[in-house]
1. For the residues 116, 42, what sequence is obtained by ranking on other C-beta atoms within 10 Å, fewest first?
2. Modelled label-to-label distance, residue 125 and residue 41, 7 Å Cα→beta-carbon offset: nm?
3. Which value results for Rg/Rh of the range 14-60 when Rg is the Cα radius of gyration and Rh the Kirkwood radius based on the inverse mean 1/r?
4. So how far apart, in nm, are the two label points at residue 7 and residue 104 if each is 7 Å from Cα heading toward Cβ?
5. What FRET efficiency comes out for residue 89 versus residue 31 if R0 is 30 angstrom and r is the Cβ-Cβ distance? Round to the nearest 0.05.
6. Which order results if 103, 24, 69 are arranged by neighbouring Cβ count within 10 Å, fewest first?
7. Report D for the range 8-131 in µm² per second (integer): Stokes-Einstein, Kirkwood Rh on Cα pairs, 10 °C, 1.306 mPa s.
8. May I ask you to sort 130, 71 by Cβ crowding, counting other Cβ atoms within 10 Å and putting the fewest first?
């Protein structure tokens with residue numbers, strides 16, 4: 001597995017007729033604004049943005065700890081939507097989007113996880129909830 005390229009955003013846009021277009025935009029040509037996303041010289045309103053993603057890595061050391069989880073139900077353009085379950089520390093509610101990091105692979109040689117950072121506009125979020133973490137009860141020595 002290769003190291004992810006964090007210099008490109010993949011932008012998923014809803015088109016007329018239910019079609020979806022995926023554009024690859026260099027990070028220097030991308031900006032999220034209060035009206036939508038700026039792709040080079042073009043502004044795309046939020047109601048057309050399904051999501052945008054960027055590949056990245058994260059160190060393994062803290063990733064092995066126990067953690068709470070979030071369940072996120074999003075409109076991905078399908079009839080039923082998509083449900084994601086992610087670690088709570090990889091979920092962030094921003095002003096324009098919900099940002100999550102999805103684990104793709106473990107890069108053993110690099111000691112890091114390969115992650116996809118997913119940005120979902122609030123208009124595409126159907127619901128989200130924090131899932132309770134099971135309590136760890138120590139076993140008795142006797």
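1. If I rank by nearby Cβ atoms, fewest first, I get 42, 116.
2. 3.4 nm
3. Working: Rg = 12.6 Å, Rh = 12.2 Å.
Radius of gyration relative to Kirkwood radius: 1.04.
4. 1.6 nm
5. Working: r = 26 Å, r/R0 = 0.87.
So, using R0 = 30 Å, E works out to roughly 0.70.
6. Values: 103 14, 24 9, 69 17.
Least crowded to most crowded, the residues run 24, 103, 69.
7. Answer from the Stokes-Einstein relation: 103 µm²/s.
8. Working: 130 11, 71 14.
With the sparsest Cβ surroundings first, the list reads 130, 71.
Just so you know, all these numbers are worked out from the coordinates, no wet-lab data involved. Because the structure is a prediction, the values reported are computed rather than measured. Using ideal geometry, Cβ is built from the backbone for each residue, glycine included, and neighbour counts are taken over all protein chains shown.
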